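Student: Sending over a structure as structure tokens; questions will come in a sec.
The values are calculated or read from the model by the stated rules, or taken from the named source; none is laboratory data. Fair warning: this is a prediction, and the values are worked out from it, not measured in the lab. So basically every Cβ, Gly included, is an ideal-geometry build from the backbone, and we count neighbours across all protein chains shown. Just the protein is used for accessible areas: all its heavy atoms, side chains included, with ligands, DNA and RNA removed. Shrake-Rupley method; radii C 1.70, N 1.55, O 1.52, S 1.80 Å.
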Amino acid sequence: MARVLFLGGLGRSGTTLVERLLGELPGVCALGEVVHLWQRDIRDDERCGCGAHFSACGFWRRVGALAFGGWHNVDVDRVHHLRDAVERTRHIPRLATAVEAPEEVHEYADFYSRVYAAAAEVSGARVVVDSSKHSALAHVLRWSGGIDLRVVHVVRDARGVAYSWTKTVSRPETDGSDQMTRYSPGRSALLWNAHNAAFSLLSRRGVPVHRIRYEEFVADPRTALTALAEFAGVDLGPADLDFLHDGQADLKVGHSAAGNPMRFTVGQLPLRRDDAWVRSLPPRQRRLVGAVCAPMLRAYGYPVFREDAR
Ligand SMILES: [Zn+2]
């Protein structure tokens, strides 16, 4: 049974950074955002984290062969149909309260569990990391009998998340033809509440959920990774965190299938807290996001008002 560390949270919360550092631990294989593998990789042949196009990456070729007898055997239309039928935020209440999940939930989860099992075998890893983030997918995977699911819930200050969603970021894997989605701060604030609440609900349904705050993770990655390794059941030796240096990490090539452009970074990755929002998010928007997210900001230990923030 594959042990899966699922990184959850609203996008722009730092999950890619967490994934990249987890991928450096012994016995851990980071897969990127598997939720996008079906369209962006199997169908569109975008670039793997190693730089090769998906179809040319030896790691993913072996995974596809083992999981499905080759990626050409995956019915991507069927995956999309299942995703639309079961993996939506509005489906979470049903997924969380059902006594037995509909067959489509099991069928959809099976596509993922095959990828996880094959990736674990090809890489020889004890733990695979899926940084898909989507709370609805985590609720779907809860129903999979074939995986040992553990969820890392990554939380970041809602105002930092909202500011990040207003920025334009290009997607290098599409060779410059596409940009990442943007949201208004009001929309981000609502999504922030919904997705974070969904992970608390998952925990109440018995799935092991370990919550980390992005800001603390960046401030002290050594301590945070030690705790995450323990949560994932990974034994760390004395030299296993030597890739961490003062204010930076030394990264090897990874095979992240999809996600934030940071997945292409090899070598030195600066570990600096991104708090540009403190200077650049307009006060009106900051107050709006603070008000909409106030209860959960407080619950996670963030100051709600600007005066407390610095
Ligand atoms: Zn690759």
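Student: What FRET efficiency would be calculated for the residue pair A227, F305, taking the C-beta separation as r and a Förster radius of 35 Å, to the nearest 0.05?
Tutor: Efficiency, rounded to the nearest 0.05: 0.75.
Student: Report S113's accessible area, 1.4 Å probe, all protein chains in place, as a number in Å² to the nearest 10.
Tutor: S113 has an accessible surface of roughly 20 Å² with all protein chains in place.
Student: If I model a spin label at D246 and E100 as a point 7 Å from the Cα along the Cα→Cβ vector, what separation in nanometres do I get?
Tutor: Taking the two extended label points, one gets 6.1 nm.
Student: Once every DSSP H run of n ≥ 4 in the chain is given -39500 (n - 2.57) and the sum is divided by its residues, what mean residue ellipticity at 222 nm do you get, rounded to the nearest 500 deg cm²/dmol?
Tutor: -12500 deg cm²/dmol
Student: Return the carbon/sulfur percentage of the accessible area of the chain, one whole number, probe 1.4 Å, all protein chains in place. Numbers along the way, then the final one.
Tutor: Details: 6640 of 13490 Å².
The computed percentage sits at 49.
Student: Over the chain, what number does the Rg to Rh ratio reach, with both radii from the alpha-carbon atoms and Rh per Kirkwood?
Tutor: Taking Rg over the Kirkwood Rh, I get 0.95.
Student: For segment 1-156, just the Cα set please: Rg and Dmax, both in angstrom.
Tutor: Spelled out, the Cα radius of gyration and Dmax of segment 1-156 are 14.7, 43 Å.
Student: If one puts a single equal scatterer on every Cα of segment 55-135 and applies the Debye formula without solvent, what log₁₀ I(q)/I(0) results at q = 0.17 Å⁻¹?
Tutor: The Cα Debye sum returns log10 ratios of -0.79.
Student: Looking at the square roots a ≥ b ≥ c of the eigenvalues of the Cα gyration tensor of segment 194-299, which shape do they give, rounded for a/c under 1.5, prolate if a/b is larger than b/c, or oblate?
Tutor: Because a/c hits 1.5 or more and a/b fails to exceed b/c, segment 194-299 counts as oblate.
Student: Another question about this same structure. Label points 7 Å out from Cα along the Cβ direction at E121 and S55: separation in nm?
Tutor: It works out to 2.5 nm between the two label points.
Student: To continue, here is another question. Counting only Cα, what are the radius of gyration and maximum Cα-Cα distance Dmax of segment 259-301, in Å?
Tutor: Cα only, segment 259-301: 15.0, 40 Å (Rg, Dmax).
Student: Using a 7 Å offset from the Cα along the Cα-to-Cβ direction at both R205 and D110, what is the distance between the two label points in nm, to one decimal?
Tutor: Going by the 7 Å Cα→Cβ label model, 2.0 nm.
Student: Please report the antiparallel percentage of the DSSP beta bridges confined to the chain, to the nearest 5.
Tutor: In the chain, DSSP labels about 30 percent of beta bridges as antiparallel.
Student: Still on this structure, I have one more. Over the chain, give the accessible area per residue in Å² for a 1.4 Å probe, as an integer.
Tutor: 44 Å²
Student: While we're here: What does DSSP give for segment 1-142 in terms of the percent of beta bridges that are antiparallel, rounded to the nearest 5?
Tutor: 10 percent
Student: Taking Cα pairs under 8 Å and at least six residues apart, what relative contact order does the chain come out at, in percent?
Tutor: 29 percent
Student: Further question: Trypsin sites (Lys or Arg not before Pro) within segment 238-277: which are DSSP loop residues with at most 16 other Cβ atoms inside 10 Å? Walk me through the intermediate numbers first.
Tutor: Numbers: sites: K252, R263, R272, R273; in loops: K252, R272, R273.
Of the trypsin sites (Lys or Arg not before Pro), the ones in loops of segment 238-277 whose Cβ has at most 16 other Cβ atoms within 10 Å are K252, R272, R273.
Student: I've got another one for you. Under the rule a/c < 1.5 gives rounded, and otherwise a/b versus b/c splits prolate from oblate, where does segment 195-250 land using the Cα gyration tensor?
Tutor: Oblate, because a/c is 1.5 or more while a/b does not exceed b/c.
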